[in-house]
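Trainee: One structure coming up, written as structure tokens, with questions to follow.
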Amino acid sequence: MNPLNRQWFYRGFRRRIAASLGRDAADRIWEDAGNEYRHILASRPELKRHKGAMTLPAVALYRALTASGEDAEGLLNSYGEAMGRRFARIIHALTSLPGADRLVWRHVGSIMKKMSSEKLGYRSQLVSEPPEMYGVDILSCPYHELAKALGDERAVLCICHMDKEYSQGFRHIRYDRNSAVSEGARACEYRLRFDMKKA
């Protein structure tokens, strides 16, 4: 069985590339990526438990697409954006429940600290706290670090694109991120503000 079939985040990517490249090409790329994923884990079994393990399928798909002459970065980033929009709709529905937006904003600091903790492999620096703005700079990300160590740091931009899209889903919380470590910046600059005008 192809190990990529067990990767919930990437399963829909096969259908997406089939729509773009045709089913035969998609099946071949999917099989090649599955073999590449197996190869990575066979040579580096410790990565199975790595905090940035979501990186491995992205790297395998990136390599298989590149070997087939396809625009690996474009296809993966487009998929990340589509997944992010899907998650944004769910987040928007949840934060549209009465009081949910204010509850999330009241706990935004602790939520962000948990999501970008050292325990998860991040290194971050707090810039500002509510009520005006919650700002944090992510100085190091486990997904980017692992992709960089494997020699394919651009492969994880799809995760960055997903993140940027789904963060737009919070009702009354405006999110800005104008830089990303994976794009060569010093930090991923997260800036969140409570804004009643934002639907």
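Trainee: When you scan the stretch 67-76, how many residues do you find that are more than 16 Å from residue 28 (Cα to Cα) and surrounded by fewer than 19 Cβ atoms within 10 Å (Cβ to Cβ)?
Mentor: Total meeting the criteria: 2.
Trainee: Given the residues 61, 139, 56, 76, which is the only one that is among the hydrophobic types (A, V, I, L, M, F, W, C), farther than 21 Å from residue 172 by Cα and in contact with a strand residue (DSSP E or B) (Cβ under 9 Å, 6 or more places away or on another chain)?
Mentor: When all the criteria are applied, what remains is 139.
Trainee: Which of the residues that make up the stretch 107-140 are surrounded by 14 or more Cβ atoms within 10 Å (Cβ to Cβ) and among the charged types (D, E, K, R)?
Mentor: 113, 123, 137
Trainee: Same structure, new question: Scan the stretch 1-16 for residues that are farther than 14 Å from residue 58 by Cα and either modelled with pLDDT of 95 or more or not aliphatic (A, V, I, L, M) (or both) and jot them down.
Mentor: Once the filter is applied, which keeps residues that are farther than 14 Å from residue 58 by Cα and either modelled with pLDDT of 95 or more or not aliphatic (A, V, I, L, M) (or both), the stretch 1-16 yields 2, 15, 16.
Trainee: Any chance the stretch 77-87 includes a residue that's more than 15 Å from the chain's Cα centre (by Cα), part of a helix (DSSP H, G or I) and buried (at least 16 other Cβ atoms within 10 Å of the Cβ)?
Mentor: Among the residues of the stretch 77-87, not one is more than 15 Å from the chain's Cα centre (by Cα), part of a helix (DSSP H, G or I) and buried (at least 16 other Cβ atoms within 10 Å of the Cβ), which makes the answer no.
Trainee: Going by the conditions given, is residue 104 surrounded by 15 or more Cβ atoms within 10 Å (Cβ to Cβ), of a type in the set (A, V, I, L, M) and in a helix (DSSP H, G or I)?
Mentor: For residue 104, the condition - surrounded by 15 or more Cβ atoms within 10 Å (Cβ to Cβ), of a type in the set (A, V, I, L, M) and in a helix (DSSP H, G or I) - is met.
Trainee: Looking only at the stretch 107-153, which residues are assigned to a helix (DSSP H, G or I) and in contact (Cβ under 8 Å) with a residue 24 or more places away in the chain?
Mentor: Once the filter is applied, which keeps residues that are assigned to a helix (DSSP H, G or I) and in contact (Cβ under 8 Å) with a residue 24 or more places away in the chain, the stretch 107-153 yields 108, 109, 112, 120, 142, 143, 144, 145, 146, 147, 153.
Trainee: Could you please let me know if residue 115 is of a type outside the set (Phe, Trp, Tyr), out of contact with any strand residue (DSSP E or B) (no Cβ under 6 Å at 6 or more places or on another chain) and closer than 18 Å to residue 133 by Cα?
Mentor: Here the answer is yes, as residue 115 does meet what is asked.
Trainee: Output the residue which, of all residues in the stretch 36-52 that are under 20 Å from the mean Cα position of the chain (by Cα) and free of Cβ contacts under 8 Å to residues at least 60 places away in the same chain, is farthest from residue 145 (Cα to Cα).
Mentor: 37
Trainee: Can you tell me which residue in the stretch 1-35 is surrounded by the most Cβ atoms within 10 Å (Cβ to Cβ), limited to those that are part of a loop (DSSP other than H, G, I, E, B) and in contact (Cβ under 8 Å) with a residue 12 or more places away in the chain?
Mentor: 10
Trainee: In the stretch 173-193, what residues are among the polar types (S, T, N, Q) and not in a loop (DSSP other than H, G, I, E, B)?
Mentor: Answer for the stretch 173-193, where residues must be among the polar types (S, T, N, Q) and not in a loop (DSSP other than H, G, I, E, B): just 182.
The values are calculated or read from the model by the stated rules, or taken from the named source; none is laboratory data. The model shown is predicted, which means the values in this text are computed figures rather than measured ones. So basically every Cβ, Gly included, is an ideal-geometry build from the backbone, and we count neighbours across all protein chains shown.
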